[in-house]
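Structure, as structure tokens:
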Amino acid sequence: MGIYEILKSAHSGWRYLVIILLLVAFINALMGYLGRKPYTEGNRKLNVFALISAHIQLVLGLLLYFMHDWYKGDMSIAIQRYWKMEHITMMLVAIVLITVGNARSKKVDSALMKHRTIFVFFGLALLLITVAIFGMIKADPSRHLFAM
């Protein structure tokens, strides 16, 4: 097993941690916002863990992207277009949303606004990730939702 296969397995497996952490942080922020709960150190740590996991996923993904030469793919072939442009663009935007949401939540004073900021930005990132997953399934019908 070469380095590419190891990185691909790591990237494929790590995605579950990213999605779970984002989903838990999103639900936690929603409950905090709707319940007008205080913003705790636990909330902050959960958001930072979600942020860090997403950035680790980004690094793994970029290594794979350039090791496999996806940037040289033929745009007329759906699966190559997906990996060359669509996947990387949507994931980069999602990670920017996570990063901006976390940074903005630090700058507001009110606990309610902190929860709302995380809810909005992490929610948008989750939505974009979900769209990317379904785009992958459409571009490559041999893959399914939980494929490794």
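Only the coordinates and a few stated rules stand behind these numbers; no lab work does. Computed from a predicted structure; not experimentally measured. Here the Cβ is made from the backbone with ideal geometry for all residues, glycine too, and neighbour counts use every protein chain on show.
So, counting K/R as plus one and D/E as minus one, what does the shell of residues with Cβ under 15 Å around Met31 add up to? For residues surrounding Met31, the net value is +4. Each of Ile6, Ile19, Ile118, Ile129 was scored by other Cβ atoms within 10 Å of its Cβ. Listed from fewest to most, they are Ile6, Ile19, Ile129, Ile118. Classify segment 30-90: rounded, prolate or oblate, from the alpha-carbon gyration tensor (a ≥ b ≥ c, eigenvalue square roots; a/c under 1.5 rounded; otherwise prolate if a/b is larger than b/c)? Cα axes put segment 30-90 in the oblate bin. Per residue, the average separation of C-alpha pairs within less than 8 Å and at least 6 apart gives the chain a relative contact order of 30 percent.
For the chain, set up a GNM with springs between Cα atoms under 10 Å and report which of His55, His68, His11 has the largest fluctuation. Top of the fluctuation ranking is His68.
Working from label points 7 Å from Cα in the Cα-to-Cβ sense, the Glu5 to Met113 distance is 5.3 nm. Loop-located chymotrypsin sites (Phe, Trp or Tyr not before Pro) in segment 43-148 (DSSP state not H, G, I, E or B) with no more than 10 neighbouring Cβ atoms inside 10 Å: Phe146. Among the trypsin sites (Lys or Arg not before Pro) found in segment 30-106, those both in a DSSP coil and sparsely packed, with 12 or fewer other Cβ atoms within 10 Å of their Cβ, are Arg36. Adding -39500 (n - 2.57) for every DSSP H run of four residues or longer, then dividing by how many residues the chain holds, sets the calculated 222 nm ellipticity at -26500 deg cm²/dmol. By its C-alpha gyration tensor, with a ≥ b ≥ c as the square roots of the eigenvalues, how is segment 1-103 shaped: rounded for a/c under 1.5, else prolate for a/b larger than b/c, else oblate? The shape class here is prolate.
When the Cα gyration tensor is reduced to axis lengths a ≥ b ≥ c, the ratio a/c is 1.5 or higher for segment 45-136, and with a/b above b/c it is classed as prolate. Reducing segment 72-137 and segment 4-70 to their Cα centroids gives an inter-centroid distance of 11 Å.
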